[in-house]
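Everything on this sheet refers to the single structure shown next.
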Amino acid sequence: MNKPQSLYIGLMSGTSLDGIDAVLAKIEASGESCLLDSVSAPFGPELRKALVDLQSPGPNEIHRENQTGNALAVAYADAVKQLLTQAKLSPADISAIGAHGQTIRHQADLAHHLAYTHQTLNPALLAELTGIDVIADFRSRDLAAGGHGAPLVPAFHAQQFATDKNIAVLNLGGIANLTLLPKDGEVKGFDCGPGNMLMDAWIADQQGHAFDENGTWASQGKVNQALLSRMLTDSFFSKAPPKSTGRDDFHLEWLHKQIGSDNINAEDVQATLLQLTADSSLQALEGYAPQTQTLVVCGGGARNIALLDLFNARAEDLFKNSLEIVTSDALGIDPQLVEGLAFAWLAWAHKEKRPANLPAVTGAKGPRILGACYPA
């Protein structure tokens, strides 16, 4: 019999490839989650390079991927140990770790039984290093049931954020995804396009920076409307949900193809990518949930001041001042830690044998218990 409340750790390293968020959560028997503590650790340069290299086909991939999965497990374990020390807890205090791993392929649109998603990680090694049960590989079960395996956070968003208002949650990680929480209706959600990923890739390519802090560089440019229009004609944006995406679809080579032979200032490209993230997200919200009253923004993009300002400006045009935009700070959760908290919750759902996918979101044939357990 599980305790009325339990402690779980969520580990998230997202599409932005910026590092690890380790979150300590207290989860009630009802599923309500409370964030107790956290640690954020950037990837070391060697690990980050290895993960970036695995995003594209290359030589000796099986060996390199397994070595990288081991290195990621070691980095995850270090973050867990730091978190436990900070919280003055021992491994015995933790019910389980929910570990997402690092997505290196996401091919959910292939024919059923050929579709797959792959997050690199050695969860057995992580369990060995931490002495804590590890729940990992959350996406595969949903794909096996005909779903996209993504997004998985809407079930957590519904548990944590649903109110008596029409709310939507926008996670601005490397990819942007929406969760629609109507006050009376079915929870829905889908990936809506690139979040920070293209902006990060472009500034890294042009200036050698990992990201555009506060959108400062983008603010120095002007939107190139022709480029924006070309990017928005990508077939992904016109697809009806359920749908998911990732680096397989949106990457630096895709961007160079969109730019083509046009002579566009680098800062104008960055400004246009900022606009792409705002327009694709808000147009998706307007198309599928025009009644939304509050949009809760989370993920690393919530810290991009220029992006949030643009969201507010575009929302005035599209929603005629009827849409309130807040970050998850307003609901008591640091935007950077929402996904880590979600994977702690997904580990709890696995332990409780509670289905955690939403078929209306992923397209799966039915509810499924997600993840595989690697006992300590």
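The values are calculated or read from the model by the stated rules, or taken from the named source; none is laboratory data. Treat the numbers as computed from the prediction; the structure is a model and nothing was measured. Virtual Cβ from ideal backbone geometry, glycine too; neighbours counted across all protein chains shown. Ligands, DNA and RNA are excluded from the accessible area calculation, which covers all protein heavy atoms including side chains. Shrake-Rupley method; radii C 1.70, N 1.55, O 1.52, S 1.80 Å.
Provide a single number: the residues in segment 103-132 that are outside any helix (DSSP H, G or I), touching a residue at least 24 places away in the same chain (Cβ under 8 Å) and buried (at least 22 other Cβ atoms within 10 Å of the Cβ).
Total meeting the criteria: 9.
Please enumerate the residues belonging to segment 4-53 that are surrounded by fewer than 20 Cβ atoms within 10 Å (Cβ to Cβ), assigned to a loop (DSSP other than H, G, I, E, B) and touching a residue at least 24 places away in the same chain (Cβ under 8 Å).
Hits for segment 4-53 are Pro4, Ala29, Gly31, Glu32, Gly44.
Look at Ala79 and say whether it is touching a Leu at 6+ places or on another chain (Cβ under 8 Å), farther than 17 Å from Thr15 by Cα and either modelled with pLDDT of 95 or more or among the acidic types (Asp, Glu) (or both).
Yes; evaluated as a whole, the condition is true for this residue.
From the residues in segment 208-218 that are of a type outside the set (Asp, Glu) and open to solvent by 80 Å² or more (accessible area, probe 1.4 Å), which one is nearest to Leu273 (Cα to Cα)?
My answer is Phe211.
For segment 305-323, does any single residue satisfy the condition of being within 17 Å of Leu181 (Cβ to Cβ), part of a loop (DSSP other than H, G, I, E, B) and either open to solvent by 10 Å² or more (accessible area, probe 1.4 Å) or aliphatic (A, V, I, L, M) (or both)?
Within segment 305-323 (the criterion being within 17 Å of Leu181 (Cβ to Cβ), part of a loop (DSSP other than H, G, I, E, B) and either open to solvent by 10 Å² or more (accessible area, probe 1.4 Å) or aliphatic (A, V, I, L, M) (or both)), the answer is yes, since at least one residue qualifies.
Restricting attention to segment 161-186, which residues are modelled with pLDDT of 95 or more, among the polar types (S, T, N, Q) and surrounded by fewer than 24 Cβ atoms within 10 Å (Cβ to Cβ)?
Asn166, the sole residue that qualifies.
Restricting segment 284-306 to residues that are in contact (Cβ under 8 Å) with a residue 40 or more places away in the chain and among the small types (Gly, Ala, Ser), which is farthest from Gly195 (Cα to Cα)?
Ala289
Specify which of the listed residues (Ala127, Ala145, Ala99, Ala71) is closer than 20 Å to Ser16 by Cβ, modelled with pLDDT of 95 or more and touching a Pro at 6+ places or on another chain (Cβ under 9 Å).
From the options Ala127, Ala145, Ala99, Ala71, the qualifying one is Ala99.
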